[in-house]
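Some notes on the structure that comes next.
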Amino acid sequence: MIEIVLMAHVFFGVACPFAALWVCVDTLNFSEANQRRIQKMSYAAAVFMWLSFLLAGYWYVFYYKADKAIILNGPFPLAHNFFMEAKEHLAIILLMLASYLPIAAADNLLAHTGARRVLIWVAGMTVVLALMMESGGGVIAMGVKAGLLSR
Amino acid sequence: MQNSGISKYTISFGLSLAIASVADGLLVIAKETNPDLLAAMKKLTGHHWVTHSIIILGIFFLFGWLFAQSRGGIGIKMSANRLIGTLVAGVAAGSLILLGLFTCLR
């Protein structure tokens, strides 16, 4: 059943960059009509990221030890030594970026192009970093698989 | 310095995000090179990563709030371009410190 926690982590982890990309594209095509939607999607990105982070944290602290042993004894220890080590700390930066989205979106986007530019950059960085996280997660899963297959 | 109409919270939390991102990278270097610090962080919450996350998120929210209260509650003034530059530089620096460190260590 614990796999559900891991799958939910991935689900919300994917939902976050989708919402951030939505914010980025909507802000690039800004009009008064979509300002409210931008703010809602900014909140959604932050909520998705917090859910993903908390679920991952719970799994990492209580259940990752077994997977770590499989990876380190397998043919691809880099999956932990580089990818997991980097991912667990980069995720904090991503969480802060996603948390910052609704703050930046609460600005008067209609009146100020500068506020819109800030939001576009933050949403863009959120998407890029989230995709890096997704890739890292895939490599870590492959590390576990390679470790199990080599037994 | 023009504020470009950006709210004080956008500026203050943007600056704190840049600072906390760099702090994230520097704290990893500190705990990877200092076993005593790593042990102390483990002891605090039971897992070094939990302590690490609390410290960095604490820096983000505390500095964001403090910067917003500066100058008698007016907050820090900054142009949009300068804020974007600081944000991107902070996030990139924090990320590159992490990636560089784990590349060197492994």
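Computed from the coordinates by the stated procedures, all read-outs in this text should not be read as laboratory data. Because the structure is a prediction, the values reported are computed rather than measured. Please note: Cβ atoms are built from the backbone with ideal geometry, for glycine as well, and neighbour counts cover all protein chains shown.
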*If you take the residues in the range A:1-19 that are within 10 Å of the chain's Cα centre (by Cα) and of a type in the set (Gly, Ala, Ser), which one is farthest from residue A:120 (Cα to Cα)?*
A:13
*Can you name the residue in the range B:48-80 that is within 11 Å of chain A (Cβ to nearest Cβ) and in contact (Cβ under 8 Å) with a residue 60 or more places away in the chain and is also farthest from residue A:116 (Cα to Cα) among such residues?*
B:68
*Determine if the range A:91-108 includes at least one residue that is farther than 26 Å from residue A:47 by Cα and out of contact with any Phe, Trp or Tyr (no Cβ under 6 Å at 6 or more places or on another chain).*
no
_Of all residues in the range A:101-113 being in contact with a Leu (Cβ under 8 Å, 6 or more places away or on another chain) and either without any contact (Cβ under 8 Å) to a residue 40 or more places away in the chain or more than 7 Å from every other protein chain (Cβ to nearest Cβ) (or both), the one that is nearest to residue A:29 (Cα to Cα)_ = A:109
_Condition check: surrounded by fewer than 20 Cβ atoms within 10 Å (Cβ to Cβ) and touching an Asp or Glu at 6+ places or on another chain (Cβ under 8 Å). Does residue A:110 satisfy that?_
yes
*Go through the residues of the range A:142-151 one by one and say whether even a single one is more than 30 Å from residue A:36 (Cβ to Cβ) and in a loop (DSSP other than H, G, I, E, B).*
yes
*In the range A:48-69, is there at least one residue being within 17 Å of residue A:123 (Cβ to Cβ), without any contact (Cβ under 8 Å) to a residue 24 or more places away in the chain and surrounded by 15 or more Cβ atoms within 10 Å (Cβ to Cβ)?*
no
*Go over the candidates A:96, A:125, A:133 one by one and state the one that is more than 10 Å from chain B (Cβ to nearest Cβ), of a type outside the set (Gly, Ala, Ser) and more than 18 Å from residue A:72 (Cβ to Cβ).*
A:133
*Restrict the check to the range B:8-28 and report whether at least one residue is part of a helix (DSSP H, G or I), at the interface with chain A (Cβ under 9 Å from one of its Cβ atoms), crowded, with 19+ Cβ neighbours inside 10 Å and without any contact (Cβ under 8 Å) to a residue 40 or more places away in the chain.*
yes
